Amino acid sequence: KDIQYIRSYYYNKLETNRFDSNVGTFVGYTAAGVRQAEIWNKDTSLIASEKAQRETYCLHNVGIWYGNP
């Protein structure tokens, strides 16, 4: 339950926006990133896809990282 999926987007080494599985939406950090996050947050299929990545990617690989000391 403490696994978190984060997908960050960068432009010129500056983080513009990020999807955080704990928040459940995209968050913008620059003016352009805020506008893009608003557009992406309206797309329910994209949000559902990003939320599913936590189970698909993170929970699948947690056994690999912590199960093989």
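Against the numbered list (1) open to solvent by less than 70 Å² (accessible area, probe 1.4 Å); (2) out of contact with any Gly (no Cβ under 6 Å at 6 or more places or on another chain); (3) free of Cβ contacts under 8 Å to residues at least 24 places away in the same chain; (4) among the β-branched types (Val, Ile, Thr), Thr16 comes up short only at (2).
Here Val27 clears all of (1) modelled with pLDDT of 95 or more; (2) part of a helix (DSSP H, G or I) except the condition numbered (2). Filtered by the rule that a residue be open to solvent by less than 60 Å² (accessible area, probe 1.4 Å) and more than 12 Å from the chain's Cα centre (by Cα), the stretch 42-69 gives Asn61, Val62, Gly63, Gly67.
The values are calculated or read from the model by the stated rules, or taken from the named source; none is laboratory data. A quick note: this is a predicted structure, and the numbers were derived from the prediction, not measured. A quick note on method: Cβ atoms are made from the backbone with ideal geometry, for glycine too, and the neighbour counts reach across all protein chains shown. For accessibility, only protein heavy atoms count, side chains too; no ligands or nucleic acids. Shrake-Rupley method; radii C 1.70, N 1.55, O 1.52, S 1.80 Å.
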